[in-house]
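S.K.: Below you'll find the structure I mean.
The values are calculated or read from the model by the stated rules, or taken from the named source; none is laboratory data. This structure is a prediction, so every number in the text was calculated from the model and none was measured. Cβ: placed from backbone, ideal geometry, glycine included. Neighbour counts: every protein chain shown.
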Amino acid sequence: MKASERNPASENTVNIPDTRVLRLRPVHLRKLAAIAEVKGKVLFSKNFIIMPAFSLGFTLLMKVIYGAAAQGEFNTNVYALTLGVLMNICMEGVYCTAAALAEEKEKNTLRTLMTSSVNGLEFFIGSLIPVVLMSTVVNVLCIFIAGFDMGILQWAAFLAVTVACSAISAVIGMIFGIYTKTQVSAGTITTPALLILMMIPLFRGFNDTLEMISEFLFTGIIYNAISNINSSLPVTDVKGIIILAAEFILSVIVFLALYRKNGFER
């Protein structure tokens, strides 16, 4: 090819790497509200509403059992509340979220959302809001069932920590949901995570290693928060706040990356 026939534009072309993974698209409130409405209806379906109801019943059961065993020797309300909140955050946040996403994949509704130009951030926020709201309501009901007394500032601190933990658990559930194909497999794959998140804080007092690990789990932080409220201590410290923020940010990044990697966003 002669020099005069060359395309100058082609010579000055620079290969720019694909930055779609790092670019967040704008959020449309109408799409966000539609996703949140759909997710909310799923949580109230017969397949999932049993989990928050079970958490409330579990709190009441633990209050009765601990009350009969303690015979007034120690405050049983804190144990009932701790178990109920941990059960609710883990089961509703991790399991229900993962199973709901798996159900969407089974029914191909997730593909429908993808073809309707719903981006990962819209799907993420719309899926997160109903879970956090329901989980928060159940946590508040657990307080009244357990008969746990708190002041206004303690209420505010408790809600802040539990909302953060509910959000983290919901994002973890979404991450598991990306890899599951059916609701049955969702239950199977989330079981080890649920056992770790619940059992380590509960048995932290038996082993120094478990206690150290619990300090870095969001479930361990909520466990400490309830104990601190009972002892009239600050709900959490700077370390706990940093851990919650880091776990939430990391979980969000992982979910958005997996959402796009698995072809759910164009």
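S.K.: Out of everything in the range 222-248 that is among the β-branched types (Val, Ile, Thr) and under 23 Å from residue 87 (Cα atoms), what residue ends up being farthest from the chain's Cα centre (by Cα)?
M.R.: Among them, the one singled out is 229.
S.K.: Does residue 203 satisfy being of a type in the set (Phe, Trp, Tyr) and surrounded by fewer than 19 Cβ atoms within 10 Å (Cβ to Cβ)?
M.R.: yes
S.K.: With the requirement that a residue be of a type in the set (Gly, Ala, Ser) and touching a Ser or Thr at 6+ places or on another chain (Cβ under 6 Å), what does the range 142-163 give you?
M.R.: Result: 146, single match.
S.K.: Can you tell me which residues in the range 164-192 are part of a helix (DSSP H, G or I), of a type in the set (Ser, Thr, Tyr) and in contact with a Ser or Thr (Cβ under 9 Å, 6 or more places away or on another chain)?
M.R.: Within the range 164-192, 166, 169, 179, 188, 190 meet the criteria.
Every residue, every condition in (1) crowded, with 19+ Cβ neighbours inside 10 Å; (2) farther than 22 Å from residue 158 by Cα, yes or no:
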site	(1), (2)
185	no, yes
190	yes, yes
209	no, yes
216	no, no
222	yes, no
238	no, no
244	yes, no
254	no, yes
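S.K.: State all residues of the range 229-263 that are in a loop (DSSP other than H, G, I, E, B) and under 15 Å from residue 218 (Cα atoms); if no residue qualifies, say none.
M.R.: 235, 236, 237
S.K.: When you look at residue 124, is it modelled with pLDDT under 85 and either crowded, with 19+ Cβ neighbours inside 10 Å or not β-branched (Val, Ile, Thr) (or both), yes or no?
M.R.: Here the answer is yes, as residue 124 does meet what is asked.
S.K.: Here is a further query. Restricting to the range 8-32, count the residues that are surrounded by fewer than 13 Cβ atoms within 10 Å (Cβ to Cβ), modelled with pLDDT of 75 or more and among the hydrophobic types (A, V, I, L, M, F, W, C).
M.R.: 1
S.K.: Does residue 200 count as over 18 Å from the mean Cα position of the chain (by Cα), at pLDDT 90 or above and of a type in the set (A, V, I, L, M)?
M.R.: no
S.K.: Among the residues of the range 141-156 satisfying the criterion of being of a type outside the set (S, T, N, Q), in a helix (DSSP H, G or I) and in contact (Cβ under 8 Å) with a residue 12 or more places away in the chain, which is surrounded by the fewest Cβ atoms within 10 Å (Cβ to Cβ)?
M.R.: Among those residues, the one meeting the criterion is 141.
S.K.: May I pose another question? For residues in the range 42-52 being under 18 Å from the mean Cα position of the chain (by Cα) and not β-branched (Val, Ile, Thr), which is surrounded by the most Cβ atoms within 10 Å (Cβ to Cβ)?
M.R.: It comes out as 52.
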